[in-house]
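Structure in structure tokens, see below.
Each value in this text was obtained by applying a stated rule to the coordinates, not by laboratory testing. Everything numeric here is computed off the predicted structure, so don't read it as measured data. Glycine also receives a Cβ, built like all others from the backbone with ideal geometry; neighbour counts cover every protein chain displayed.
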Amino acid sequence: MRKVLVVEDDKFISAIFTMFLRELGHEMIGRCAEGKDAVDLCHRLRPDVVLMDIHLEGELDGIHTAEQLRRELDIPVIYVSSDTSSQVIKRAIVSNSYGFLIKPVNKKELGIAIDLAYYKHKVDQEQRERERGYRQFISEASMPLMILQDGRIQYLNNLALDLFKTHYMEDVLLSPYIDFVNDKDKEGVSLLLDEFAKNGHGFDSVDIAMTDVHGQSLYARISGASIIFNKKKSLQVTLMDNSKAVYAKKRSEVLLNYLENKQLPYFITDCRMKIKSVTSHSLFENVELKNKRIKQLPECFKFNKTDENQVDFTNNDKQFSFRSHEIYDASGKVYELVFLPQ
């Protein structure tokens, strides 16, 4: 049984609706002839469905009344009218109604329309609740998140706005994401977006160069996953600021080139001090260092007791002191140590 409010200025038609609703097993909880009265009754009685004539007495017509009810109370409205002019139909469609019945209405059509409106409204409410929960989740997520539809930005959480260097979502909303990608990476990112549009597949981490809303460069590590957002297939993109790691690596490359040109030794380890690479230098002659941990080579390396970032390496009569320099990944964790001579 549905609680139904009838908004109709024709008393004869109201009487017919009263009879039909009773025979269909629904409860008519009220009826009125003006839009203002309909809003007041809905606030007090909270009907499940409203049957709304489009042409009403008073200041508000049926469509304006339905829009107000949707904004204030989220109650499904079924329009009932004998006016099928294109202008009326167009207004009814854009007002997001839950049905349109043409007078005279028969009982069976009325019953079907009420049930469809009621259940469709329930589904819409559940969908909105899921999306509200998802928006809250991504807003509070501990990483920058962005949602794309057809390659355009539909939503960013606060951390993503920080990455774009703005407090206002309007600065980027509906903009093509590719506009914020550096020219050298546009082709690669376009291919990822095209693949998603074609097959709905996300993508694993990719390092790219971007710009913020002010045109300033940054480096980001992005990954994508397929989701449903606003009832449409969307791409959720995780963005991590990788600038610190990229700039540190660039600085290290400059230093390493300098050391090689000066024929000075250096070596690189992972975060657990397992040696990944060693420069070609007489200091390291006849010593197998690669893929071994520094602490497993006590005859070669000796840690400084007062400075844990310093280590001494001795090979026969040659000795160098090295200091470690940390290289960070996109999440800010150490992933490499470059040991440069003091």
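Where does each of 335, 118, 168 land when they are ranked from fewest to most other beta-carbon atoms within 10 angstrom?
On the way: 335 14, 118 18, 168 10.
The order, fewest Cβ neighbours first, is 168, 335, 118.
Sorting 308, 195 on the 10 Å Cβ count, fewest up front, what's the list? Intermediate results must be reported in sequence, preceding the final value.
Values: 308 9, 195 14.
So the ranking, lowest neighbour count to highest, is 308, 195.
Right, something else. Once both axes come from the Cα atoms, what is the angle between helix 243-261 and the longest principal axis of the chain, in degrees from 0 to 90, rounded to 10?
Approximately 20 degrees, to the nearest ten.
Moving on. Can you pull the percent of Cα pairs in the chain with separation above 39 Å?
The answer is 49 percent, as a whole percent.
With 10 angstrom as the radius, rank 231, 107 by how many other C-beta atoms surround their C-beta, starting from the fewest.
231, 107
Any chance you could give the angle, 0 to 90 degrees and rounded to 10, that helix 11-24 forms with the longest Cα principal axis of the chain?
60
Which distance in nm do the two modelled labels at residue 178 and residue 263 give, with both placed 7 Å along the Cα-to-Cβ direction?
Calculated label separation equals 5.2 nm.
Spin-label point model (7 Å from Cα, Cβ direction): what's the residue 15 to residue 212 distance in nm?
Label-label distance for residue 15 and residue 212, simple model: 7.2 nm.
Report the antiparallel proportion of the DSSP beta bridges in the chain as a percent, rounded to a multiple of 5. Walk me through the numbers on the way to the answer.
Working: 51 of 68 bridges.
That works out to approximately 75 percent antiparallel.
Once you order the gyration tensor axes a ≥ b ≥ c over the Cα atoms, which shape class does the range 151-233 get: rounded for a/c under 1.5, otherwise prolate or oblate by comparing a/b with b/c?
oblate
Then there's this: Could you work out [θ]222 nm for the chain from helices alone, using -39500 (n - 2.57) per DSSP H run of at least four and dividing by all its residues? Round to the nearest 500 deg cm²/dmol.
-11500 deg cm²/dmol
Follow-up. So if R0 is 35 Å, what FRET efficiency would residue 71 and residue 22 give, r being the distance between their Cβ atoms, rounded to the nearest 0.05?
Once rounded, the FRET efficiency stands at 0.70.
As a test of the definition: which semi-axes, in Å, follow for the range 3-136 when you take the square root of five times each eigenvalue of its alpha carbon gyration tensor? Largest first, please.
Sorted largest first and rounded, they come to 23, 17, 15 Å.
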